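The structure under discussion appears below in the form of structure tokens.
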Amino acid sequence: MAGTREAGLPKGFRGAEQGWPELHRIPHPPRRLPLAGDVLGVDRRRPVQDSMRFGRELGPVFRRRAFGNEFVFLWGSRLVADLADESRFAKHVGLGIANLRPVAGDGLFTAYNHEPNWQLAHDVLAPGFTREAMEGYHGMMLAVAERLTGHWDRELAAGRAVDVPGDMTKLTLETISRTGFGHDFGSFERDRPHPFVSAMVGTLSYAQRLNSVPGPLAPLLLRGASRRNAADIAHLDRTVDELVAARRRTGGGDGDLLDRMLATAHPETGERLSPENVRKQVITFLVAGHETTSGALSFALYYLARHPEVAARARAEVDRVWGDTPEPGYDQVAKLRYVRRVLDESLRLWPTAPGYAREARQDTVLAGEHPMRRGAWALVLLPMLHRDPEVWGEDPERFDPDRFDAAAVRARPPHTFKPFGTGARACIGRQFALHEATLVLGLLLRRYELRPDPDYRLRVTERLTLMPEGLRMHLERRTAPVPAAPVTVPDDGSGSAGRCPVHGAGQ
Ligand code: HEM
């Protein structure tokens, strides 16, 4: 893989030492070991939270060394804003993402910028994320959400607490698989996670572990894990091959994502995705399309349960906007402004895709301070960017959805809130995720009071993405009367409807 990992970089380019001529000016943790690097006191299972700790100690730009590789981390808002300049910087496929290449190949998420399949797939699939496409998915999203409430009603009747991350994962997997691929994993009919989910979690965790061992020794140190990883990848491939074969046999996707992948030609070149690339795209969308949204919903529910005053305000909004409509329409979701702010504020504190990497397209100077050679790269540490006191004030840990009211958003500099990444390689599924998550939060708030376990302390588990660990909650069915008719909410410009699905992320 080393050969492909360096693709796109200048010949002979070795890494941070060469890429950052003034690397010595960037601080690193104090107790550095000669060969191993900055490994003392490190929690290998929580690399992001470890980096947050280092970020707090070392400031807005710092570096970490692990077994001969030096990584530069950035979180200062000025630095991150400069990295968003697409004329000088581009996505870098490195660290955990490059480790996913055996799983997702040149699928949209893991493709190198220069690979032709990126542009081809982007152009073929982007129409699957327009407003019209979202309207088409809405009914299916509602149907899946009703499976969740059916399951929660049964848990409630049995007096059991619900498993929040587990159930959000069932919900988001079913949503992307049914809307995108016409496939029912039957997640709510199972007690244990679907084997597809277990295989996916296995490959994500393995990709993360690969970063914590010296590259050449990985085959030896992770021999058992790498065998399991190969089996996990084979399982993902098999599942997807069956799903594609079934579609080829029976047809009938009504123009969903899989139909696009199989049948749509590029509007200008007439090219189509190859069968191998379709396989990698289906895996990419099934994984990228549910894991991060599931985490986002879980964190939002955690904060709603912890902040009853916020939950009450959000619930009042749902009652006011939806009235007693049994099934809210597409437009009624975008009108839940406060619920959306709850989601944004949860993604601020715990951006479930916690970072992205950017590389210099040319020799340049980052923010007028740090010279970078062409190919040099840095990792944006989102949970710290989203806590930069220069932007978010002296108490960035405070959960406050009003940070996202329209006036507050307008008053902030651009590129200070980036949970969906940046530029041409920003998240294609942003509107999909936001619509799904806002709809589901609205439905849950309308139906239940959330009763947190008073002893629960938030622990965040990492497997490239972030998720609240062991979060369980008791529910009560709401008794409050619901108003008879929905009210009309004027557009204050803070909603998400109508923005470009891919490039509207540059707040
Ligand atoms: C809250 C939910 C989500 C979050 C936080 C999130 C976050 C991100 C981020 C940060 C990136 C950029 C990564 C980089 O620059 O390396 C990205 C890319 C991507 N996301 Fe999402 N995502 C979410 C939901 C979704 C959904 C629902 C889908 C599909 C339906 C999706 C599909 C993708 C794909 C295919 C890419 C690669 C785009 C490209 O490079 O062209 N994501 N996402």
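The values are calculated or read from the model by the stated rules, or taken from the named source; none is laboratory data. From a predicted model like this one, the values you see are computed outputs, not experimental measurements. In this analysis, Cβ positions are derived from the backbone assuming ideal geometry, glycine residues included, and neighbour counts consider all displayed protein chains.
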| request: Among the residues of the range 426-442, write down those that are outside any loop (DSSP other than H, G, I, E, B) and of a type outside the set (Phe, Trp, Tyr). | output: ARG430, GLN431, ALA433, LEU434, HIS435, GLU436, ALA437, THR438, LEU439, VAL440, LEU441, GLY442
| remark: ARG279: passes all of (1) within 16 Å of the ligand (Cβ to nearest atom); (2) among the charged types (D, E, K, R); (3) out of contact with any helix residue (DSSP H, G or I) (no Cβ under 9 Å at 6 or more places or on another chain) but (3)
| request: Evaluate the following for ALA305: is it assigned to a helix (DSSP H, G or I), without any contact (Cβ under 8 Å) to a residue 40 or more places away in the chain and more than 16 Å from the ligand (Cβ to nearest atom)? | output: no
| said: Could you list, ordered by first residue, the pairs with Cβ atoms under 6 Å in which the first is in the range 94-110 and at positive phi and the second is assigned to a helix (DSSP H, G or I) and within 13 Å of the ligand (Cβ to nearest atom), at least 6 apart or interchain? | reply: GLY105/LYS280
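Inside the range 78-105, can you point out the residues that are among the polar types (S, T, N, Q) and buried (at least 23 other Cβ atoms within 10 Å of the Cβ)?
Our first condition is that a residue be among the polar types (S, T, N, Q); within the range 78-105, this holds for 87, 99.
Listed by number, the list holds a single entry, ASN99.
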| Hits in the range 88-110 - residues which are within 12 Å of ARG425 (Cα to Cα), of a type in the set (A, V, I, L, M, F, W, C) and in contact with a strand residue (DSSP E or B) (Cβ under 9 Å, 6 or more places away or on another chain) | PHE89, ALA90, VAL93
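Residues are listed down the side, and each one gets a yes or a no for (1) more than 11 Å from the ligand (Cβ to nearest atom); (2) out of contact with any Phe, Trp or Tyr (no Cβ under 9 Å at 6 or more places or on another chain); (3) modelled with pLDDT of 95 or more:
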| residue | (1), (2), (3) |
| --- | --- |
| ALA312 | yes, yes, yes |
| ARG315 | yes, yes, yes |
| ARG320 | yes, yes, yes |
| VAL342 | yes, no, yes |
| THR352 | no, no, yes |
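Yes/no per residue for (1) more than 12 Å from the ligand (Cβ to nearest atom); (2) in a loop (DSSP other than H, G, I, E, B):
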| position | (1), (2) |
| --- | --- |
| ARG387 | yes, yes |
| VAL391 | yes, no |
| ASP395 | yes, yes |
| PRO413 | yes, yes |
| PHE420 | no, yes |
| ALA424 | no, no |
| LEU444 | yes, no |
| GLU449 | yes, no |
